[in-house]
Amino acid sequence: MFLLQGSKLRKKLLTHLFHHADEQYYVRELAALLVEDAGNMSNELAKLYKEGLLSFKTKGNTKLYSLDKKYPLHNELKKLIHKSAGAEGGLKRLAGAHPGISSAAGG
């Protein structure tokens, strides 16, 4: 499944969206929150929309993106993302408790 493969941007984006599942975001808003390029963010959102994971509504000249909870694998993805984010966060907390370790989980 392509959703779980790919760029760091996709992983950051999916993690954020699943942790804020009831929110709607503009492209530039997400780019600022995740400290990413707005053009790359727009491309990634378009891919996820095409896959069916995201929906959007138009407000003026802009699109507000949100998770589409009707996506067939929504609940499974949510579980996977929460597990992986929890494991990464746990590793970072453990690393922070030990002065000799400067980084964990690729961060």
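Please treat every number below as a calculation from the coordinates, not as lab data. Quantities reported herein were computed from a predicted structural model and do not represent experimental measurements. In this analysis, Cβ positions are derived from the backbone assuming ideal geometry, glycine residues included, and neighbour counts consider all displayed protein chains.
So the values come out like this:
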| quantity | calculated |
| --- | --- |
| Diffusion coefficient, µm² s⁻¹, Stokes-Einstein with Kirkwood Rh over alpha-carbon pairs of the stretch 2-69 at 25 °C and 0.890 mPa s | 207 |
| Neighbour-count ranking [beta-carbon atoms within 10 angstrom, fewest first] of Y65, Y71 | Y71, Y65 |
| Residues with amide H under 5 Å from that of Y71, placed H, sequence gap 5 or more | none |
| Fewest-first sequence of D37, D22 by Cβ atoms within 10 Å of each Cβ | D22, D37 |
| Exceeding the 19 Å Cα-Cα cut-off - candidates K11/K63; K12/K79; K12/K59; K8/K69; K8/K59; K11/K78 | K11/K63; K12/K59; K8/K69; K8/K59 |
